[in-house]
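The next block holds one structure in the form of structure tokens; read it before the comments.
None of the figures in this text is laboratory data; all of them are computed from the coordinates on show. Everything numeric in this text was worked out from a predicted model, so none of it was measured. Cβ: placed from backbone, ideal geometry, glycine included. Neighbour counts: every protein chain shown.
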Amino acid sequence: NFILAGGVEVSAIAAWNGSTWRSLGTGLDGEVLALTVFDDALIAGGGFTHADGQPTHHVAAWNGSSWRSLGSGIESVGYETVSALHVHGGELFVGGAFTIAGGGVSPFMARWAPTTQGDMDGDRDVDLFDLTILLSGFGIQDGASAAQGDVDRDGDVDLQDLAELLGTFGLDCR
């Protein structure tokens, strides 16, 4: 847990670009114990409960400009933390001191994977936020990522992606 990186004010996490440090948003309110990349986002796990001032419950995703929660995070009675993150087979595995993950019983280990086509921001709802992500990336070809709106993961953000997102629009994936 630190507040300075190379003289730059940060909160528990920072990025190095090869010559200078920078903060990642307003940062996290507790220690970071594990990092990995999943679905074009930097995933952080640890003892924190907030990222960019928003509740994240020990696991959060950085999309390059802001932090968001991964579902409802993890919980436990008493001490809880995420101490391990691993990606395998398109799914994120989370390990640590917890008994509940995503609202369900899951002692010490949990698996997270986007479950519905169109849930672009990973909040387990297909809503206007997801549509905004897709529309902001609309027209990108040859190498578009899921984070840019490529629902069908063919490398393009096009009408097929829009159709797939609209086909699941309004779904709560919890």
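Compute the semi-axes of the equivalent ellipsoid of the range 119-165, taking the square root of 5 times each eigenvalue of the Cα gyration tensor, and list them largest first in whole Å.
The three semi-axes for the range 119-165 are 16, 9, 9 Å.
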*Exposure proxy check: Trp21, Trp67, Trp62 ranked by fewest other beta carbons within 10 Å?*
Trp21, Trp62, Trp67
_Taking the beta-carbon count within 10 Å as an exposure proxy, list Leu42, Leu85, Leu135, Leu128 from fewest neighbours to most._
Leu128, Leu135, Leu42, Leu85
*What is the order of Val77, Val126, fewest Cβ neighbours within 10 Å to most?*
Val77, Val126
*Would you mind calculating the gained length between Asp29 and Leu159 on full extension (0.36 nm times residue separation, minus the Cα-Cα distance), in nm to one decimal?*
42.8 nm
*Computed E for Phe138/Thr168 - FRET, C-beta separation, R0 25 angstrom, nearest 0.05*: 0.90
_Spin-label pair Thr36/Ala15, simplified geometry with 7 Å Cα→Cβ offset, distance in nm_ = 2.1 nm
*Say the dipole of the range 71-169 comes from +1 at the beta carbon of Lys and Arg and -1 at that of Asp and Glu; which of Leu85, Val105, Leu134 then lies farthest toward its positive end?*
Val105
*Note down the magnitude of the dipole of the chain about its Cα centre, charges +1 on Lys and Arg C-beta and -1 on Asp and Glu C-beta and zero elsewhere, to the nearest 20 debye.*
680 debye
*Inverting the mean 1/r over all pairs of different Cα atoms, compute the Kirkwood radius of the chain and quote it in Å.*
16.8 Å
_Label-to-label distance, nm, for residues given as His86 and Asn1 (7 Å Cα→Cβ offset)_ = 2.8 nm
